[in-house]
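Some notes on the structure that comes next.
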Amino acid sequence: MEEKPKEPKTPMTSFASISEDLILNILKRLPALSFASAACVSKSWNQICNQILYKPKFASAFSLNPDQKVALEEVVNKVLSEPIRPHFAIANVIGSGVDLSERLNFLATKLGFQTPIIVSCTSGIMGRDAVTDEHREVGPVMLEEYWVDGESNPCSGIILTVGFLPGLKVDAIPLFQPRKGFRAAMVDNFVMDIKDYSTSISGCASPVGIIMFGDEDADQKPVMEKLDHAMSSDTIIIGDERAQFLYSNGVESRNDYESSEYFSAAVALVFARDRDKRCGTGEIQFHAALSSGVSAVGPRYKAVSVKKIVSGTGHTTWLTARREGEQEIQNGQRILDDINNELVNQVGRPDLYIGVTEQRHCFIGLEKSRVMTFLVFHGVMGGDQEYLFVDGAGIRTGDYFQFYHSDPSAALSSCSNVSKNFRNLNLDWSSRNCLQARGVCDNVCNKELVGGFVFSCCGRGESFFERCNVDSSPFLDNFPEFPMAGIFCRGEIGRGFSVFNADEGQEERTSHCCLHVYSAVYLLVSYTPAHPEH
């Protein structure tokens with residue numbers, strides 16, 4: 001019998017026969033979790049994944065879904081829809097008294113239990129919707145449209161930001177304080193923990209930047225004074241002064257104090273430059289700016305008598321004062337009458353503050369102290385025929401102070417100045433990139449934005465400006481394609497933005513001010529690739 005000719009065998013296709021370009025094209029389209037698994041397939045795939053994620057990346061999204069679990073899943077799915085290796089995560093939940101533990105556990109499961117994560121409550125959020133990709137500012141007043149007859153859960157929004165920052169290392173470092181007793185030593189320990197961590201990573205005691213969240217029942221003034229004293233002027237510090245928060249950092253030893261006797265008074269997300277970074281990794285830089293929303297009014301005063309009152313709701317200061325250059329002591333009611341007369345043409349009823357110029361000796365541990373001048377804001381609570389009542393403590397006899405009031409016009413002008421400075425920065429980066437691309441100057445390196453954050457006062461927003469998206473406008477006008485996340489908070493932490501704020505008053509220029517009122521604090525994160533020869 002004649003044998004039939006055998007058909008040639010079709011060779012089986014294997015991953016080895018797929019070109020590297022095709023594999024790269026496939027891998028860069030994977031969501032983050034699949035991308036992480038692909039990086040473990042082989043050494044060559046891992047190298048390709050490193051080529052894809054060679055520079056910093058932010059991913060951010062918010063959801064207003066009234067179903068809390070669905071909202072959390074929406075933002076997680078969005079930020080992990082593309083390749084990213086989370087080096088840190090910040091989640092901000094709209095509401096107060098919210099149970100944050102379930103959200104923290106869910107995020108740790110998705111992002112990795114070693115990833116530093118902070119989850120906090122906030123008054124409002126700004127960013128891009130996880131479903132529609134529409135940018136919105138959702139402030140405290142705007143939230144009312146989502147609460148129908150009180151039936152919706154007031155916890156109706158969450159924003160999540162995840163960052164990948166090669167060349168930096170990130171850790172969440174807590175400030176533990178005793179619920180009763182002396183607390184100053186714990187602040188020193190907190191500052192030293194930050195310096196020790198930064199030194200171990202970079203060889204420098206001051207990190208690149210810090211994003212900080214303070215507990216709503218803790219006084220952040222002594223904390224910021226010591227941080228401002230201890231850190232170099234290059235260290236950017238931003239954050240939320242008064243919040244409810246939980247954190248996870250994967251370091252059990254840092255949680256030893258968490259007990260009924262101690263509480264977390266603050267947590268700092270510390271960004272330190274990695275001296276052991278991979279060859280060819282570029283440089284990340286933090287840039288900060290401030291939009292102030294207060295204006296000075298009236299003369300300067302000098303505190304004559306000061307009484308500190310402690311109650312179950314916190315600290316209050318009662319004081320009398322005299323105008324600078326005068327001898328007559330004025331009571332609280334007379335001082336307020338004079339200030340209100342100067343505000344008679346103001347629309348609405350602005351919030352009043354006093355900005356106290358304080359000269360204080362600052363030191364950490366047993367080191368030699370140095371005198372620093374701070375501008376500290378205290379909310380005005382009222383006055384009577386004897387005293388002026390202000391919120392907080394720390395004012396001393398002989399301190400000078402000036403009244404400030406919330407001012408939408410000043411805030412709008414300041415926000416425009418920030419936008420102008422961002423535009424100049426963007427133009428400078430663009431011109432550098434063009435010169436480098438054309439080979440005109442080999443010494444000029446490309447520079448590009450990675451993303452940014454906004455911490456804005458909960459008193460601002462649409463109801464304050466009578467228009468929407470004002471606090472976001474410096475980003476939207478200049479860097480609309482880059483991820484940005486913002487929150488409305490009850491006290492804005494900001495330090496290290498003198499480069500941008502040419503419009504500051506004399507008091508702000510000559511004094512250190514880290515805790516702000518009616519402001520918006522901006523953080524830009526930029527990246528400069530390594531020079532090709534390196």
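Some values worked out for this structure:
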quantity	calculated
Two-decimal Rg/Rh across region 283-344, once Rg and the Kirkwood Rh are taken from alpha-carbon atoms	1.18
Principal semi-axes in Å for region 20-121 [√(5λ), Cα gyration tensor, largest first]	30, 13, 11
Nearest-20 debye value, region 350-401 charge dipole, Cβ charges on Lys, Arg, Asp, Glu	400
Potential lengthening between ARG423 and SER44 on full extension [0.36 nm per residue; Cα-Cα distance subtracted]	132.3 nm
Calculated FRET value between SER233 and THR357, using beta carbons and R₀ = 35 Å, to 0.05	0.95
Cα pair distances of region 271-378 binned at 10 Å [whole percent]	9, 26, 28, 17, 11, 7, 2
Sites VAL70 and SER101 - FRET efficiency at Förster radius 30 Å, r taken between beta-carbons, to 0.05	0.95
Burial ranking of peptide ranges 73-82, 166-175, 27-36, 487-496 (average Cβ count within 10 Å, highest at the top)	487-496, 166-175, 73-82, 27-36
Per-peptide average of other Cβ atoms within 10 Å, ordering 203-212, 453-462, 390-399, 334-343 highest first	453-462, 203-212, 390-399, 334-343
Average projected area [Cα convex hull, the chain], square nanometres	34.9
Using distinct alpha-carbon pairs, which all enter the 1/r mean, Kirkwood radius of region 316-393 in Å	14.6
Length gained when the stretch GLU367-GLN285 is fully extended (0.36 nm per residue, less Cα-Cα span)	26.5 nm
Along principal axes, Cα extents of region 164-300, largest first, whole Å	53, 45, 23
Options LEU168, ILE210, VAL390, ranked by Cα towards positive dipole end of the chain, top entry (Cβ charges)	LEU168
Computed E for PHE113/ASN469 - FRET, C-beta separation, R0 22 angstrom, nearest 0.05	0.05
Within the accessible area of region 290-417 (1.4 Å probe), percent carbon and sulfur	47
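The values are calculated or read from the model by the stated rules, or taken from the named source; none is laboratory data. Note that the structure is predicted; figures quoted are calculated from it, not measured. Please note: Cβ atoms are built from the backbone with ideal geometry, for glycine as well, and neighbour counts cover all protein chains shown. The area values use the complete protein model at the heavy-atom level, side chains included, leaving out ligands, DNA and RNA. Shrake-Rupley method; radii C 1.70, N 1.55, O 1.52, S 1.80 Å.
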